[in-house]
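The values are calculated or read from the model by the stated rules, or taken from the named source; none is laboratory data. Quick caveat: nothing in here was measured; it's all calculated off a predicted structure. Glycine gets a Cβ as well: all are built from the backbone with ideal geometry, and neighbour counts include every protein chain shown.
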Amino acid sequence: MTFRSRVITATVAAAAIAVILACFASFLTTRNSLINSVDVSLNGEAAQMGGGHDVLFGAFLVRPSGQTIPSSTGLIDPTVLAVAQGKSKQVYRTVAIGSHNYRELIVPIAANSIEACAGGNECLIKTTSAELFITDIDGQVNELRNLIRTLTFVAIGGLLLALGLGLFLARTALRPLEEVTNEIETVAETNDLGYRLTEGDEDELGRLRRVFNRLLSSVESSQILQRQLVLDASHELRTPLTSLRTNAQVLSRAQELNPDDLRQLTDDMVTQVDELAALVTDLGELSRGERSEGPVETLRLDDCLDECVDTARTYARIKEITIDVNVEQSNVLGRRDRLERAISNLLTNAIKFTPRGGRIVVESRDGTISVSDNGPGIAEADQPFIFDRFWRSASARALPGSGLGLSIVAQVVAELQGTVSVDRDPTLGGARFTITLPIDDNP
């Protein structure tokens, strides 16, 4: 079933329920009003005990044996006898006698009661009996039948009107949705991610248009970043590959080289292969996007830092760099391998720019990680770009690296819903990177 059909069906169903309930309520109200008016007449006749019978078929005294005064046939049944024998209370009821409809009031009379009799005389009723008051209600029944026919026509007309309105409303209400659908189909067919829908009013369709525009913007930005990543990666790969090709060509004449030149050539090739491997690894990290796979768990931030610092000290010893650690226990939610990769990248970056014999300070408390060094620091003009992919400052272009390490740090921190910033350490004078992560209060 199409959405249009569902709208029409829902409209007609709602209208049908409303019309049927209204007709049923109207019928019950009219019926009760007519019956109540007849019952009031019967009550008045019962109060007069045999008075004027203008609207009544008759008033009868019924003995426990079933005898009626005045005598009549066809009026007595088990219900009347039960009241006359004192086994039942007063009864209002509608009965059909022959082809006519009547309304009856059956009033019980206790034994030894004095009641008014026909002619205005008083009679002593020695046994339990009943007074039966009956009136013809064929007129009221005919009115109710006419009302039923009228309400049936009204219901049918209401349903037809509801069907027509449902078709009209569905066509009118869904026209803007069809326009949005056509525009979206145009985007799908042309693959024009720069296209934007007219946002329209502040209603549900306007919200749909704005949400779709944000989706298009997100997809377009992602596609631009993907293209830029490919272009930047190809540019970064071109230099080491060109160098490797040149060295390989020189290596083909290895017999013409002295041992020292040959050793230098092979060392350069190994270094270039290592750079390529590191670049491919970093590209793999970035290709994960803002979300990575693996379980999210509670992590001891101090334990992760200690493990990363132990590894970093192995490389720091080569440059005689001291790494001082001041950490306090805190817990965060995340993926251990990703968090350790971000911390390791900060430590590697600090070791790279710290001079021989320098000092690095690592601090952590309440979900915050700070890595400071006494290197040259980062100029204020460069700080807004330091976490961009493949971006390298002028002073760092001569050093090994792909320019992706800090981009990975920013990506991991965003994944953990944290923040990362850089400034100048007031004590050491070099760069200070600070990561702030949400604390896990329920470890």
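Given the conditions (1) surrounded by 13 or more Cβ atoms within 10 Å (Cβ to Cβ); (2) farther than 29 Å from I224 by Cα, and given that R341 satisfies all but one, which numbered condition is not satisfied? (2) is the only condition that R341 fails. Could you please let me know if I343 is in contact (Cβ under 8 Å) with a residue 12 or more places away in the chain, under 12 Å from C304 (Cα atoms), β-branched (V, I, T) and not in a strand (DSSP E or B)? Yes, satisfied. May I ask you to verify whether S364 is on the phi < 0 side of the Ramachandran plot, at pLDDT 85 or above and buried (at least 18 other Cβ atoms within 10 Å of the Cβ)? The answer is yes for S364. Taking the condition of being at pLDDT below 85, part of a strand (DSSP E or B), over 11 Å from A130 (Cα atoms) and not hydrophobic (A, V, I, L, M, F, W, C), how many residues in region 57-98 meet it? Count: 1. Among residues of region 29-50 that are loosely packed, with under 14 Cβ neighbours inside 10 Å, those with a beta-carbon under 9 Å from a residue that is part of a helix (DSSP H, G or I) and modelled with pLDDT under 90 at least six positions away or on a different chain give the pairs S37/Q140.
Residues that are part of a loop (DSSP other than H, G, I, E, B) and closer than 18 Å to V332 by Cα within region 359-387 comprise D366, G367, listed in sequence order.
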